[in-house]
Every structure is written in structure tokens, then in C-alpha cells.
Amino acid sequence: MDCYTANWNPLGDSAFYRKYELYSMDWDLKEELRDCLVAAAPYGGPIALLRNPWRKEKPASARPVLEIYSASGMPLASLLWKSGPVVSLGWSAEEELLCVQEDGVVLVYGLHGDFRRHFSMGNEVLQNRVLDARIFHTEFGSGVAILTGAHRFTLSANVGDLKLRRMPEVPGLQSAPSCWTTVCQDRVAHILLAVGPDLYLLDHAACSAVTPPGLAPGVSSFLQMAVSFTYRHLALFTDTGYIWMGTASLKEKLCEFNCNIRAPPKQMVWCSRPRSKERAVVVAWERRLMVVGDAPESIQYKQLTIQVLLDRLVLRRLYPLAIQICEYLRLPEVQGVSRILAHWACYKVQQKDVSDEDVARAINQKLGDTPGVSYSDIAARAYGCGRTELAIKLLEYEPRSGEQVPLLLKMKRSKLALSKAIESGDTDLGEQGLVFTVLLHLKNELNRGDFFMTLRNQPMALSLYRQFCKHQELETLKDLYNQDDNHQELGSFHIRASYAAEERIEGRVAALQTAADAFYKAKNEFAAKATEDQMRLLRLQRRLEDELGGQFLDLSLHDTVTTLILSGQNKRAEQLARDFRIPDKRLWWLKLTALADLEDWEELEKFSKSKKSPIGYLPFVEICMKQHNKYEAKKYASRVGPEQKVKALLLVGDVAQAADVAIEHRNETEMSLVLSHCTGATDGATADKIQRARAQAQKK
Amino acid sequence: MAFPHRPDAPELPDFSMLKRLARDQLIYLLEQLPGKKDLFIEADLMSPLDRIANVSILKQHEVDKLYKVENKPALSSSEQLCFLVRPRIKNMRYIASLVNADKMAGRTRKYKVIFSPQKFYACEMVLEEEGVYGDVSCDEWAFSLLPLDVDLLSMELPEFFRDYFLEGDQRWINTLAQALHLLSTLYGPFPNCYGIGRCAKMSYELWKRLEEEEDGETKGRRPEIGHIFLLDRDVDFVTALCSQVVYEGLVDDTFRIKCGSVDFGPEVTSSDKSLKVLLNAEDKVFNEIRNEHFSNVFGFLSQKARNLQAQYDRRRGMDIKQMKNFVSQELKGLKQEHRLLSLHIGACESIMKKKTKQDFQELIKTEHALLEGFNIRESTSYIEEHIDRQVSPIESLRLMCLLSITENGLIPKDYRSLKTQYLQSYGPEHLLTFSNLRRAGLLTEQAPGDTLTAVESKVSKLVTDKAAGKITDAFSSLAKRSNFRAISKKLNLIPRVDGEYDLKVPRDMAYVFSGAYVPLSCRIIEQVLERRGWQGLDEVVRLLNCSELAFTDMTKDDKASSESLRLILVVFLGGCTFSEISALRFLGRGYRFIFLTTAVTNSARLMEAMSEVKA
């Protein structure tokens, strides 16, 4: 049995430890690790090495090489470093390598040494150079903290969404702090630094001095500090060889230990096994390693989720394996296979040696219409690699045409974007906004002529824009019609202006003239003539107002003549009727109504006798009865032609005579009409008469 | 009366849920602006809002004063202003001017704009251009379906008609698709879908896409409504242009029903006050006469009055106990019925008076002649006289349009002379009205080739329908034509009259137009439902210029109960008339129809939408 425990060594009174090799590194290092900047990604991720030629003691020689290995030492990438001096390396949570240069520029590389992007930590950093830098991880992502040559700190808590925060000054700080670290409290990143015997906590607003509880006296300087991965715990190593371990909030001490070694350690880190309740700090010197542990307390470690695992596989381009895992775990397509295929496609578009056609085809073959795959995202990646044509080809596969639009706009394919925005069919809030956005792009991008020309080919966009202009940009609307040679609409536009926009009579007439010209050009002679008539009428109405007073402007022709008759201007009325060729029938209706309104029965009779009425005499009967003048009505009833005689007689209440005429006409309809008017006792005889006539007619 | 539904007629779904949803959402939006606020409401939204949330609900959520949105400076002294508006540019300018006036005066308040049923990008753009975008917060009240009655949902968007059919503006299509989507999430998927018209097709496609995007939400739900039928208003303008003669339609034509209620003036109430009356199935008297031809209504009402009197008369000879019973249980109901009865009798009298004055019989005769296509010259003269006498600008326009559509456009001479006469009577600005009507295809001139219409119609009598179809084809390449005459023949829209049409016992849907004409829209729906699709209707579809625009989409759904398969939702894009609703209610045949319309319309509303009026 002792073979199981033989390699276990006691640690303190109650714990044991053992050392064994998990695996051996495959790498074949040419440089000493101590001469390199080294960064190992969390969760067994890759390791980056950069030989550091910028150390002061060694003169700069050849360009250094940046090497990336897997956790087991398999080479993943190797590239010549052509950029500036690097101060610090670190991996982001997304396994991107962040290389912090002395000038504050951070270069970002992928797992395979592919350059992604770069960003700067700001001007202050550029001016004072980077003295020291740390890459740290929080729940929001990975951050960068910089200590500048002016002993000021600048940090960004998330390099994915870069917001630079310059931390406040530490009072009296003349030289670099002896040690510092980032801590994360209440979801905000802080800096903890040691200056001589003092500790300071920097947040974005203030610098405050802090004291660890239960710290042994006699400390004149802190040599090393370490926070745990979860930011819960802090370890401090002092110049007295004393280690303080407690919570990072500095509210509680967990334990302390005096190791009696006063030399500054090279490294100090928290370590712990997953799910273990024991925590320990490992302190390393040149030739010595010490593990300091404490009493159990519960710590929860975040597990590597399956999504993160898949991400890692994808980053390592192990697509088939990732897909197999998805299928094995029966992950929903959108979260699993689709996502991995999309990643694969984004990788595929970067293969510059393959033609656009082949890449597009290969991607479409593999992806088809897998749900959850966004061709527009893949196309955006292609565009990002400078492959515009490929991007356009890929966009063709995007089934939702609305999704194609933003990228097309970015690629300055606005016209194509417009047709796609329209193709997306819906002019709803989002999509109508889409068409509108494209329109505004186009408006700014093209000159007016080309813009209008483009609109002309897109009726839906045109009508949308026209609607907008109608309310908001009337002049543009006019230009639109002009550009289109749409004289009909242009004419309508000026007609509307003649009563909506213009007030002075001259302006109105001028607007009408422009309208008439446009109508002629549109070969709409009817509208042109009508408009000219209106110009004449307006001028005339103006004159009438001047000469007669009263309101004439804006009356219709009919109402103008009526108004003249009502104010006794018969001569002028007739002149107007002649000038504007008012048809006889209308004139008779008009005069009849006006004279009856005036109750000028004498004039009405004169008028009725002026010539044979083109509308017959029944209207005279009707209008007199409407004014309750039976006496006058009867005069006209006798002149009504035979066809309407019965109606006229009934109107004036002469049922008996109406019956006679109907019987004489032998007209069944007329007889029923009269019968329906036979009410009351007085008409009894008449009714009988009709019934007899009917019976007689039937006998025949 | 009022064609009792067959005993097995399916139950209607409960649409009051839509009201509750709208109310809850509105309250949520009001709560987003905590504290006291003044509410500015657009006039068009007042009645719909009233059906959803009354003043006391608004007050409960800290609405202090209510104002109408009108072009006047605001007198409100509140620190918070909330605007409830339709997404119209003129509203944006009003709000912007208000905010800017406050700025000039150095005053800061909170402003919130609630767009109903949705906001449009153009509106936000105007706010931005006027420099107030940052000062106001925008929200949407997705209230797009108002249940006006147990079987009638209205979007209350009368501008849909002009925006789409005249201006070609498609933005409301999304609103519609969203509304349909809401219905399918609440009442399950529709196993059978039919439609005709460009707008119908676009809305349908967009709706389906919304369903796909929110994949699965309606899946597995039991369909409550078995069929949906979408129909564009421009497929059938004729029906909407006819004078209405069923009671509800006639009340709408005469008094204008607004958002399900009508204002009866003193001439109806026989008092000195006007009365706002809600017209729906809950009004027992109205419910029995709403679908009746007007000629029956009076008789029915007087019979009802006699019955009522008899019930009152029972009081005589009652002992105390019986009397107590009568007063506590029956009297209230009788009184209510009495009140309603006298209102509707008043309305009838008022309608009769108005109609005799206008010589309604003559008018109806002309309309029937136009529908049947005889005595065209006589009808044209009638219209001319109508114009010359300045009877009514809207009526004259309506008759001109009816003539144009039934005749495939006016002959050039009439087209010119009627327009000239119209301009002389009603003012030159109507030159623009005519331009609108032409664009919408409501009033057109026969193209030179079209003068052959008369010949063509003769030819079609002589040769087989197929050959006539070919001839028509040759012409239709010239212009989009209404082809009403040919459609009418194909679909038997003009019933053969043998003897008097008994309006008391209607034979077919033609009763809604005194037996003279079966509404085209309703006939199409009837035929498609009967055939379960468009098979055999190719020729009709072609004549309607909808060859690519008629669609059927049937999914086999085993979960659909036989009950639900007898419920049909008919969606009218651009408005439907009460006559059409009555006709389909009559059609029944074990089916029961539910109506969804962008707005209830009639001939006057259609014409007003096309008319250019001086501001």
C-alpha cells in the first residue's frame, strides 16, 4: 500500500502534497524562459513567448520572434516581431493575445498569430511611456492596466469596448510603487499599490490609504502582492519575510505566515484545485518554491461551460471535432452546429489564395440555409479582409434582404442597398427606416440629378420620399417632378400653390400660369384650358370685388354668377355666362334657383317666357312649391309638357286633374302614382274613377 | 328577422381580450412618465381611446388635464406633457413648435410622444430636423385592432385608403401584418388563407415572415378561426360607391357612424339635445334591424312598438304583487327598449325626410341603370343635371366614378364635359381631385382603343366567352381597365328578375341593394370559399387585373375543430361598407363571418379621401 503514499510529502500538520508530471512539453525552446516575456492563457489555453531584446542590459540585436504554443507546447504560430518594444504580454478571455508596447499601443493577435487590430491607451501613456502593464480579467471581459513613466495609472476594464480611465494621482508618489495589482470590487476595477509601508487603493475618483487588518508590525515595504483569480483574496509579502493572507476587500485576515526569507520573491500566485475548499499561495524565488495554505473555506470556481469549450475548439480551428461534440451533446442547431459553421465560414473567407467564387460556393454548399447562420455577418468578415466582391457574393445568400443593407451601405453600394431595402418589402418601422436611411445616404453621396434618377427607378422609394417632401420639403418635391419631366404633377403642384401658398392675387395668377404651361407640356389641354379659365375668373372676381364690394374671390363660376344675380347684377351675370360659355341648361337652373330665392316672382315669370325652357317647366313648379307659393306654381304647371304633366299636377295638389290626365294617357304607372296620392275622403271619387278606368282598360 | 343564425352556427371568439391588451399597454406607457402629466390627444384617436380607457382610468394614472392636439399654442402648465398621436408629420411639427416655444421661454419640461399604432421613421426625422429629437422621448402604443362589435374589428385607419391606393405608400402594410400576427398569437393559426390584390399579397407575405421569425409561437395552438380572406378595396370599388339601403349602411350614409357610435341630432331625438348612441349587437332593437332593407324597417319598428304597448298594457288588471314584480323586473327593460325604439323610429323618419327631398328613388334608379348597363345616355344626363344643380359635390363625384367604372372609363366627350361642368359648379381646385381619381383608376377616360367597348360587348354576346376573353385581352394591354360589365356577367352580379324581389325574404346577397346587384366583393368571397380556392375563377381574376395577385394557402391542420372551420375572418384593405358586412352576415350558410377592416367606409368617405379641398 505504501506505493500510494510514498510520493506524498507532509505540508504543515494536517496536509500532504505530491508532485508529478501531467505531461511533458513538446516544445523545443531556443531561448531561456527567463529572457522572455511569457503569457499563458487561463483554462489551459495557449502560451505566448517573446524574447525580450529591449532589456536595458542587453543591446537590441536582431528582431525578436513571437511564438505561440499550445498548453502542451505544440507550436501554433511563429512570427517576426516588426513593431515597437513590448512591455507586457497577456491573453484575453477570448484567447486573443494582447501585446502592450512601450508607446501605449496594444496589438491584438489571434491564437494562430493572425493580426486582428490595435488600439492605443491614450496620449498620456504615449507621452510618458509604459513602465509596467497588466492584463486582467473580470466578468465583463479582459482589461489592461498601465503604469506610466509619470507613475500614473490608466486602465480599460474591457478591451472589447474600449473606455480609457485615467486614475487619480497618488499623493507624494515620486518613484514606481514597489508592487501593484488590479483588484475588482463591486464590479469596478481598482488598483492596489504599495509605496513603502503604505497601501493605497485607487478607484476612478479617489486614492485612499488602506490597512490590512491584523498586519504584523515592523513592515517597511511590501515586496510582492497577489490577488486570486476570482478577486476574492489577497496575499502580501513584506520585506520582513512575512506573508499576510486575507480578503481582497481588506476586511478580514485569513492567516499569516513568517517564512523568514527576506529576498523579494520572483512570483507569488494563488492556487487551488477546482472544487477544493483549500486555498494556498505559491511563492517562488530563484531556487525555492513555497506553498502557504490555510484553513478550509468554501470557494466556488466557475466551471468552463460547454459554450466556452466550443469556442476554444473553434479558435483552434478544430471545427469537425466541435461539430461532433455538438451533435453528441444534441445541442440546438443555433447554439451548436450553426455557430461553428459560421465560424468556419469566417475563417474560410480569410483564405486569400482561394478565388471569390470558390469561397462563396464552398460556404454556401456547407451552410445551405442552416438556421441561425447569418450570411451578412460572414460577408462583413469578408469585407473586413478587403474582399468586397466576395462580400457581395455572400450577401446574395442572405435570405433576409433587409440584413444585407447595412453592409452594402458600408461598402458604398448604396444603389444596391436601396433595392435590397425595398426588396425587404416591408416598409415598417425598421425597414421603412432602412429605406429612409439608404435614401439619406444616397442623397449625401450622389449629386441631386443622380439621386433623383435613382429614385425614378424605384417607385416605392420615390413615393416614400415624395410623401415626406410633401409635408417637409415642398421645394424638393418640385425639383423631383422637374427632374422627371413629370409636367402633369408639376402642374398640380402649382395649382395647389395657387391657393395654398400664394396670397396676393398676382402671385396666384402667376402660379396658375406656370401650372397651365406645365399642363400644355404634359399634353393635358383640358387642364391647361381650365387653368386659364380660372386665371380669367380670378382677375374678374377681383374686379368685381373692387367695383361692387362683397366677396367674390374663390367662388366657383356658378356661385359667382349666382351672387351677381342675387345682388341684382343681371347684366353682368349674363355677360359672365357668355364669356365663360356657361351652357344654357346650367344657366336656367341657376337663374331659376336664384330668382326663387329672391322671391322675385315677376322676374321669374319674365325669365320663363324669355324663350323655351331647355329644362322644361317642371323645375319651375318644384321650386315655387319649395318656396310654398302654390299660386305661382300653378302658372307653370299648365306649361309642363305632357310627359311630366301628372307629376306637376300632383305637386300643386290637383289630384283630380292629375287623374284625368293619367286616364287620358292610359298610362298604368301614372295611374298608380295618382292613386298613391289619393288620401283622405275628398279623393274618394277620384280613386274610384281611376279604378273604373283601369277595369275598362283591362277589358280591352 | 335579422336572419337568425343556424342553431349550429359557431360561437365567435372573444375579442374583448384585444381591448384589455390595449388598455394594459397604454397604462404601462403612462406609468413610464411618473407623476402628474397633461395628455394631448389627436382628434382622430379620441373616440378609439374612449373605447379602451375612459377618463377616470387616465386620471388614475396621473393624467391631469386632457387637450386636443390642434394647431394652437398649448395652455398647459404641467411639467410633463404627453402626446398621443398618429404618426403624422404635421403632428411632429406641432410638437416641435411647442417644444421650441418652451425653449425660447427658457422653460424645461418633460415631453413624451406616444405613437399609435406605431412610429414612422419619417416622424422621428422631422423631430430631428426641427431640433427637438433629444428633448422628447418616443414610444409606441401598438393598438391597432379595436373591436367595434362582436364580429367587427377596425383598425380605425381611414388614411390607409388614400395612402396606399392613391399615394402608393406602403408603410401601413406592416401595421396590418403586425395586427394579423397578433390575432394569430391570440386565436391560433389560420389553416386556410385566401386573398386577392397587391396589398393583400404583400401584407400576407410580410405576416407569414413575421410568423416565421417568431417561429413556433403559434405552432401547436388550436386554430379558433378556420379561414382568413384578404381583399383589396380596389378589387371592388363599385360596391363601395353605391348608395346603401340596408339600415346600418343607411344610418352611416345619413348620419355617419363614427367609431361604432352615432350622433343623433335634435331632428331624431325630438328634443333639443343631440344624443350619442352606441350602435352594436348590445342594442337589441338595432341588432334586429341593422341588416334589414330599409323598406322593412318601418314596418318592423311599428310592430315592435305595438308589442311594447301590449306589454305595458298588461299592467292593467294586475294586483299589487304582480305590479311590484312588473316594476322591479320588467319595467326597466321595457323602458330601455322604449327609448331605443323611439330613437330608431326618429332616425327612420329623419332618413325618409332627407331622402324624399333628394328624390332618392330617382337616384337609386340611375345607380341601378349604371350597374346593369342600360340607358347610359340618360344616366349621363342625370349626372350632368345633378352637377348643374349643385346638389352635392361628393354625390356628383360618386356618380361620375360609378359611371366610369361600370363603363370602363368615360367616353372622351363626356369625360371633358362632365369635368368642365363640375369645375364650374364646385370650384377649380377639383382639377386636382380629378387627377387623383384618375391615378386611383376611379374616374378615367376611355383610351382610343376602348371606344370599341360597345362593339366588344356586342361581340361577347355573339361569340363564346372564350373568344370574347381574347378580345378583351388585346384591349387590356392598352390600359388597366375595370372590366366591370364582363365580371358582372361572369359572376351573375345582376340577378335575373322574375317578378318582384321580395325584400322581406331575401333570396341572395343582392337584397342589400334592393335586389338589383350582388356586391362583387362578397360574391368573390362566396365563390372562393365554395371552391376552396381560385380554381375555375381564372377568367374573373384576369378581368380583375389580379392575375398574379390571387393566392390560396392551405395547411392541413388536424387540430382545427369543425366549429372553427366555419369561422371566416374577412380582411378588407382600404375599408369595407356596412352593406358588405350585412351581405356576408346574410350569406351565412353555416359559416359565420368576422370582419377586419382598416376602417368602416362608404361612398362619401371614399370620395372625400380623393377630394382636394382648400385648407
The residue that is surrounded by the most Cβ atoms within 10 Å (Cβ to Cβ), considering only those in the stretch A:190-217 that are among the β-branched types (Val, Ile, Thr) and touching a residue at least 40 places away in the same chain (Cβ under 8 Å), is A:Ile191
In the stretch B:260-283, is there at least one residue being closer than 24 Å to B:Leu503 by Cα and either touching a residue at least 60 places away in the same chain (Cβ under 8 Å) or assigned to a helix (DSSP H, G or I) (or both)?
-> yes
From the residues in the stretch B:152-174 that are surrounded by 22 or more Cβ atoms within 10 Å (Cβ to Cβ), closer than 28 Å to B:Pro13 by Cα and not aliphatic (A, V, I, L, M), which one is nearest to the other protein chains (Cβ to nearest Cβ)?
-> B:Asn174
Which pairs have Cβ atoms under 8 Å, sit 6 or more apart or on different chains, and link a residue in the stretch B:130-147 that is in a strand (DSSP E or B) to one that is of a type in the set (Phe, Trp, Tyr)?
-> B:Val136/B:Tyr111; B:Ser137/B:Tyr111; B:Cys138/B:Phe115; B:Asp139/B:Phe115; B:Glu140/B:Phe115; B:Pro147/B:Phe15
Candidate set from the stretch A:590-620 (those that are out of contact with any Gly (no Cβ under 8 Å at 6 or more places or on another chain) and part of a loop (DSSP other than H, G, I, E, B)); member that is surrounded by the most Cβ atoms within 10 Å (Cβ to Cβ) = A:Ser613
Could you grab the pairs with beta carbons closer than 8 Å, sequence gap of 6+ or different chains, first residue in the stretch A:532-554 and more than 19 Å from A:Leu566 (Cβ to Cβ) and touching a residue at least 12 places away in the same chain (Cβ under 8 Å), second one open to solvent by 60 Å² or more (accessible area, probe 1.4 Å) and among the polar types (S, T, N, Q)?
-> A:Met535/A:Gln513
Taking the stated definitions as given, is A:Leu490 more than 10 Å from chain B (Cβ to nearest Cβ), open to solvent by less than 10 Å² (accessible area, probe 1.4 Å) and closer than 30 Å to A:Lys415 by Cα?
-> no
Yes or no: A:Ile378 crowded, with 19+ Cβ neighbours inside 10 Å, away from chain B (no Cβ under 11 Å) and among the β-branched types (Val, Ile, Thr)?
-> yes
May I ask you to verify whether A:Leu587 is closer than 19 Å to A:Tyr636 by Cα, open to solvent by 60 Å² or more (accessible area, probe 1.4 Å) and touching a residue at least 12 places away in the same chain (Cβ under 8 Å)?
-> no
Pick from the stretch B:90-110 the residues that are within 24 Å of B:Ser144 (Cβ to Cβ) and open to solvent by less than 20 Å² (accessible area, probe 1.4 Å): which of them is farthest from the other protein chains (Cβ to nearest Cβ)?
-> B:Ile95
A:Val219 at pLDDT below 90 and of a type outside the set (Phe, Trp, Tyr) | yes
Wholly inside the stretch A:442-486, helices (runs of 4 or more DSSP H) that include 3 or more residues that are open to solvent by less than 80 Å² (accessible area, probe 1.4 Å), touching a Phe, Trp or Tyr at 6+ places or on another chain (Cβ under 8 Å) and more than 14 Å from chain B (Cβ to nearest Cβ) are A:474-484
Could you pull out every one of the helices (runs of 4 or more DSSP H) wholly within the stretch B:509-614 that has 1 or more residues that are of a type in the set (A, V, I, L, M) and within 14 Å of chain A (Cβ to nearest Cβ)?
-> B:603-610
State whether one or more residues within the stretch A:669-687 are more than 60 Å from the chain's Cα centre (by Cα), surrounded by fewer than 18 Cβ atoms within 10 Å (Cβ to Cβ) and part of a loop (DSSP other than H, G, I, E, B).
-> yes
Considering only the stretch A:158-258, give the strands (runs of 3 or more DSSP E) lying wholly within it that have at least 2 residues that are within 48 Å of the chain's Cα centre (by Cα).
-> A:179-185, A:188-195, A:198-202, A:207-210, A:222-227, A:233-238
Hey, can you tell me all the residues within the stretch B:67-81 that are touching a helix residue (DSSP H, G or I) at 6+ places or on another chain (Cβ under 7 Å) and either among the basic types (Lys, Arg) or surrounded by 15 or more Cβ atoms within 10 Å (Cβ to Cβ) (or both)?
-> B:Lys68, B:Val69, B:Ala74
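Let's see how each residue does on (1) open to solvent by 10 Å² or more (accessible area, probe 1.4 Å); (2) farther than 29 Å from A:Cys99 by Cβ:
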position: A:Arg165; (1), (2): yes, no
position: A:Pro168; (1), (2): yes, no
position: A:Val219; (1), (2): yes, yes
position: A:Thr230; (1), (2): yes, no
position: A:Trp244; (1), (2): no, yes
Contacts under 6 angstrom Cβ, first residue in the stretch B:289-311 being farther than 14 Å from B:Leu341 by Cα, partner small (Gly, Ala, Ser) and at pLDDT below 90, 6 or more apart = B:Asn291/B:Ala2
Would you mind stating whether A:Ile623 is free of Cβ contacts under 8 Å to residues at least 40 places away in the same chain, of a type in the set (Val, Ile, Thr) and either more than 14 Å from chain B (Cβ to nearest Cβ) or part of a helix (DSSP H, G or I) (or both)?
-> yes
Quick check: anything in the stretch A:404-418 within 14 Å of another protein chain (Cβ to nearest Cβ), within 20 Å of the chain's Cα centre (by Cα), part of a helix (DSSP H, G or I) and surrounded by 20 or more Cβ atoms within 10 Å (Cβ to Cβ)?
-> yes
Being open to solvent by less than 60 Å² (accessible area, probe 1.4 Å), within 14 Å of chain B (Cβ to nearest Cβ), of a type in the set (Gly, Ala, Ser) and more than 23 Å from A:Val621 (Cβ to Cβ), is that true of even one residue in the stretch A:547-557?
-> yes
Quick check: is even one residue across the stretch A:94-107 under 30 Å from the mean Cα position of the chain (by Cα), of a type outside the set (Gly, Ala, Ser), crowded, with 16+ Cβ neighbours inside 10 Å and in a strand (DSSP E or B)?
-> no
Of all residues in the stretch A:498-540, how many are basic (Lys, Arg), surrounded by fewer than 16 Cβ atoms within 10 Å (Cβ to Cβ) and in a helix (DSSP H, G or I)?
-> 4
When you look at B:Ile196, is it touching a strand residue (DSSP E or B) at 6+ places or on another chain (Cβ under 6 Å) and among the β-branched types (Val, Ile, Thr), yes or no?
-> yes
Could you pull out every one of the helices (runs of 4 or more DSSP H) wholly within the stretch B:286-401 that has 1 or more residues that are under 30 Å from B:Gln421 (Cα atoms) and open to solvent by 40 Å² or more (accessible area, probe 1.4 Å)?
-> B:331-357, B:360-372, B:376-388
Applying the selection to the stretch A:558-567, what residues are more than 12 Å from every other protein chain (Cβ to nearest Cβ) and open to solvent by less than 10 Å² (accessible area, probe 1.4 Å)?
-> A:Leu564, A:Ile565
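The values are calculated or read from the model by the stated rules, or taken from the named source; none is laboratory data. Computed from a predicted structure; not experimentally measured. Please note: Cβ atoms are built from the backbone with ideal geometry, for glycine as well, and neighbour counts cover all protein chains shown. For accessibility, only protein heavy atoms count, side chains too; no ligands or nucleic acids. Shrake-Rupley method; radii C 1.70, N 1.55, O 1.52, S 1.80 Å.
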